[in-house]
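Following: one structure in structure tokens, then a few remarks.
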Amino acid sequence: QTPLHLAALHGHCKNVSTLLQHNANFLLRDLNGMTPIDLADNTGHSKCVLVLKEAADAKERARLDIHTAIRDACTQGDVKSVRKLLLSIRKDAELIINMAPSGANTLLFTACQVGNKEIVKMLLEQGADGRYHSVTKYSPLYVACYHGHRDIVELLLLKFPELVQQHTVERWLPIHACCINGHVSVLELLFQFPYPPHLMKTYRDTTGEWEYFMPFDINERDATGQNILYVSALLGNKKLLDVILKFRVRATRISRSEEDVSPSSACTILSPTRRRISDGIQSIMSRLNLSRESSVDLENDSNTKMICPLRVDMYCNNNTETALHAAIKGKHYDITLALLEAGANTNLVIRAYLDINEGLSCCSVEEDSNYGQSTGLVEACKNRDLPIVDLLLKHGARDDDCKALSIAVKNCDETLIAKLLSTKAHTDPEYKINKKMMTENVNCSHFPLFSNVTNLTYSALFPNNPTMINWHNQKCNLTQIKTQWLIDASLHLNPKLKQTPSNYDIALYAITRLDVSNNNLTSIPLALFQLCR
């Protein structure tokens with residue numbers, strides 16, 4: 001026991017006061033785990049208890065005062081004041097620095113939010129820990145990523161790398177934080193940082209054939225179902241999207257003996273008991289080494305390669321749409337192109353939003369409650385976004401249920417109507433172009449291009465792909481057919497003719513079959529009766 005313990009035990013208030021004036025520690029415990037205030041309370045010395053409690057309250061107030069002073073200096077970015085205050089509390093520095101009175105954020109969190117690297121370094125040197133807020137779960141690393149303070153993010157990763165796995169109450173990771181505000185350099189750092197082996201988790205790619213190691217799931221969705229790829233597409237941030245799409249991680253082929261009895265879904269964390277690779281090798285394989293030497297090694301090793309761990313077609317936004325859908329809705333052409341080149345599926349539907357709190361019957365989608373009522377092509381037609389429509393069609397988008405065509409007809413957009421109808425033209429496997437009749441009917445006055453041509457080259461000047469057009473039951477109140485639509489449908493299969501716009505009418509001779517039944521036609525063009533087989 002200390003002298004303060006003895007004075008409190010025997011109720012000597014004056015001695016207790018004298019010892020406290022000389023900075024005796026009233027928090028120390030004796031061999032029985034008792035503090036001076038515990039001893040005074042147990043022996044009924046109420047005056048000593050009161051003196052000790054007043055001393056404790058006074059010390060706590062002093063700590064709060066200096067904590068407040070440091071907080072104000074951190075908020076203002078006053079490096080000199082912070083240094084001076086920290087020097088004045090060396091004995092209790094760690095305790096005061098890590099205080100969070102009344103549920104406030106820590107001093108380290110405040111400094112990271114402000115973005116002063118020098119203050120952050122001083123706090124870390126004085127023992128600041130990386131604790132997160134008890135309610136919001138926001139960590140110093142999260143707020144540094146959110147505000148784009150790359151230098152501070154690097155300091156925190158070196159000190160508290162485990163914070164890269166800390167979720168907020170919104171299920172945001174630090175990778176979400178930097179993407180929300182478009183901090184590209186911070187995201188690159190989070191991708192490339194050499195994390196310690198014990199943080200590495202095992203994931204599988206979408207094929208289930210390769211496994212890789214990362215400290216976090218790059219495809220993880222937040223509470224509203226948004227992942228970083230979706231966020232970058234939604235915000236239209238091309239630089240951010242490029243960093244995400246270009247990210248590669250080293251993966252190893254999964255041997256048959258390592259596979260589960262039931263196939264795992266993509267990005268499922270594997271049990272450590274099923275790992276057949278030592279932790280040391282895992283650490284090596286997890287490092288992102290894009291040097292030439294590693295590239296050569298990968299080329300020579302069929303069981304190891306660099307892969308993109310992204311799930312491009314993952315449904316986000318409450319499981320209703322993909323990143324491609326968000327890019328199309330936002331009219332972000334360059335992002336749409338990048339996603340398509342990365343393999344995004346053009347024909348995935350936009351799902352209905354189901355609110356599980358209102359029951360299974362409560363499905364609601366804008367303008368229509370039918371499940372899967374829209375697609376990327378439909379959204380592009382709603383926006384009358386011809387460049388994106390062209391892009392989607394080029395990458396295999398289909399309009400089998402005629403919903404995109406219905407939008408175009410409703411908007412009286414003849415350009416889109418012709419473009420969508422032309423996709424329903426196919427090469428006729430049965431009938432051929434009647435080249436004899438075509439050459440006989442070509443009038444030189446109408447087609448001056450051929451007036452001086454004796455040996456016609458059909459592949460260059462005439463259509464060579466017989467075209468059958470299926471416009472049966474287009475479900476869009478199609479009341480008319482225009483000659484230009486027929487020409488465009490033929491040009492879709494005979495693209496060489498597009499080089500001579502003045503002679504597009506030649507394309508009509510390629511049409512061998514046409515089905516326009518079960519529509520609401522009130523008129524048809526005269527050219528329809530001039531088609532030859």
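The values are calculated or read from the model by the stated rules, or taken from the named source; none is laboratory data. Keep in mind it's a predicted model, so treat the numbers as computed, not measured. Cβ coordinates were reconstructed from backbone atoms using ideal geometry, including for glycine residues, and neighbour counts include every protein chain displayed.
Tabulated data
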| read-out | value |
| --- | --- |
| Test: residue in segment 224-241 that is over 24 Å from Lys329 (Cα atoms), assigned to a loop (DSSP other than H, G, I, E, B), in contact with a strand residue (DSSP E or B) (Cβ under 9 Å, 6 or more places away or on another chain) and in the same structural domain as Arg171 (by TED's automatic domain parsing) | no |
| Residue match in segment 200-208 (condition: over 24 Å from Asn303 (Cβ atoms) and assigned by TED's automatic domain parsing to the domain that holds Tyr146) | no |
| Answer from Ala408, Ala397, Ala404 - the residue that is farther than 14 Å from Ala489 by Cα, in contact with a helix residue (DSSP H, G or I) (Cβ under 7 Å, 6 or more places away or on another chain) and not in a helix (DSSP H, G or I) | Ala397 |
| Residue tally, condition within 20 Å of Ser134 (Cα to Cα) and among the acidic types (Asp, Glu), over segment 151-195 | 2 |
| Top-ranked residue in segment 201-213 [being surrounded by 18 or more Cβ atoms within 10 Å (Cβ to Cβ) and either touching a helix residue (DSSP H, G or I) at 6+ places or on another chain (Cβ under 7 Å) or basic (Lys, Arg) (or both); ranked as farthest from Glu154 (Cα to Cα)] | Arg204 |
| Test result for Gly130, modelled with pLDDT under 95 and either under 18 Å from Asn317 (Cβ atoms) or assigned to a helix (DSSP H, G or I) (or both) | no |
| Exclusive hit being in the same structural domain as Gly236 (by TED's automatic domain parsing) and either modelled with pLDDT under 95 or touching a strand residue (DSSP E or B) at 6+ places or on another chain (Cβ under 9 Å) (or both), set Glu299, Glu367, Glu358, Glu321 | Glu299 |
| Search result, residues across segment 185-204 that are outside any helix (DSSP H, G or I) and either within 24 Å of Asp242 (Cα to Cα) or not charged (D, E, K, R) (or both) | Phe193, Pro194, Tyr195, Pro196, Met200, Thr202, Tyr203, Arg204 |
| Filtered residue count, segment 458-510, keeping only those that are assigned to a helix (DSSP H, G or I) and under 16 Å from Ile417 (Cβ atoms) | 10 |
| Tally of residues being over 42 Å from the mean Cα position of the chain (by Cα) and among the β-branched types (Val, Ile, Thr) across segment 67-99 | 1 |
| Filter result (in contact with a Leu (Cβ under 7 Å, 6 or more places away or on another chain) and either under 19 Å from Asp57 (Cβ atoms) or of a type in the set (S, T, N, Q) (or both)) within segment 8-38 | Ala8, Val16, Leu19, Ala24, Phe26, Thr35, Pro36, Ile37 |
| Val120 being in a helix (DSSP H, G or I), surrounded by 15 or more Cβ atoms within 10 Å (Cβ to Cβ), under 31 Å from the mean Cα position of the chain (by Cα) and at negative phi | yes |
| Helices (runs of 4 or more DSSP H) contained entirely in segment 17-97, each with at least 1 residues that are surrounded by fewer than 12 Cβ atoms within 10 Å (Cβ to Cβ) and among the basic types (Lys, Arg) | 46-76, 79-87 |
